[in-house]
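Undergrad: The structure's right below; bear with me while I get my questions together.
Values quoted throughout were computed directly from the atomic coordinates according to the rules given, and no laboratory measurement underlies them. Keep in mind it's a predicted model, so treat the numbers as computed, not measured. Glycine also receives a Cβ, built like all others from the backbone with ideal geometry; neighbour counts cover every protein chain displayed.
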Amino acid sequence: MYGMVNQAVRGLVIEKFGPETWTQIHECAGAPENFSAMEPYDDSVTYNLVGKAVEILGIPAESILRTFGEYWVNEVARKHYDKLLSNTGRDFADFLSNLDHMHQRIRVTFPDYHPPSFRVKQLEEGKLQVDYYSHRPGLLPFVEGLFTGLADHFSVRVAFEHIDDNAHPLPCKRMHVTYVAIT
């Protein structure tokens, strides 16, 4: 993953738990204190940071990853990539449907970027089927956090229903995403 991801992990920990906690987490994980945004880092660096955060904070990995996904949208993407956000979709469903196109645009800047892939199908008004493909295991809670942050961005409320892997033949994580406008 690129350093900007680990920078955001650092920012979240410092904001929520303080700089002393960040020092403890990055030192225990054997990770640098700071990261170069445009430099690729081995995925193990990020996984180790999350693992040590689980140990030190006593918070389940799923909760940390969801919170990080929301933080990424609300604190990183909105501040640094707002134009990319606004160009990817006019509403929540449109944005999710265009995730793969957005990732292709990002690859121009980050040649070693290996993004996930999403197949989005409208099941009915306010309900999408999302198939999430990734070579990185265990990040579905992060995706939920991203979608929750995007829901806030587009003023909708969102709920997730996970579809058992045995209930479909594809090598992906499938979920139904229900959304409704906040009035």
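Undergrad: So for 147, 118, fewest C-beta neighbours within 10 Å to most, what's the order? Walk me through the numbers on the way to the answer.
TA: Values: 147 25, 118 20.
Fewest-to-most ranking of 147, 118: 118, 147.
Undergrad: At q = 0.10, 0.17, 0.19 Å⁻¹, work out log10 I(q)/I(0) for the chain with the Debye formula, treating every Cα as an identical point scatterer and leaving solvent out; two decimals please.
TA: -0.41, -1.18, -1.42
Undergrad: Among 73, 108, 130, determine the one that fluctuates most according to a GNM of the chain built with springs between C-alpha atoms less than 10 Å apart.
TA: 108
Undergrad: What number comes out for the charge environment of residue 49, summing +1 per Lys or Arg and -1 per Asp or Glu over other residues with Cβ under 13 Å away? Please report the intermediate quantities before stating the final value.
TA: Values: positive: 10, 52; negative: 27, 33, 42, 43, 55.
Neighbourhood net charge equals -3.
Undergrad: Need the list of lysines near residue 16 for cross-linking: C-alpha distance under 24 angstrom, and skip anything on the same chain fewer than eight residues off.
TA: 52, 79
Undergrad: If you don't mind, there's one more thing I want to ask. Mind sorting 85, 150, 128, 170 by how few other Cβ atoms lie within 10 Å of their own Cβ, fewest first? Working shown, then result.
TA: Details: 85 17, 150 24, 128 21, 170 10.
Result, fewest neighbours first: 170, 85, 128, 150.
Undergrad: Count charges around residue 81 for me, please; just the other residues with Cβ under 13 Å from its Cβ, Lys/Arg as +1, Asp/Glu as -1.
TA: Details: positive: 78, 79, 83, 105; negative: 75, 82.
Counting the neighbours of residue 81, the net charge comes to +2.
Undergrad: If we count GluC sites (Glu not before Pro) as exposed when they sit in a DSSP loop and have at most 11 other beta carbons within 10 Å, what is the longest stretch of the chain that avoids them all? Walk me through the intermediate numbers first.
TA: Values: sites that count: 33, 125.
Free of exposed loop sites, the longest segment is 34-124.
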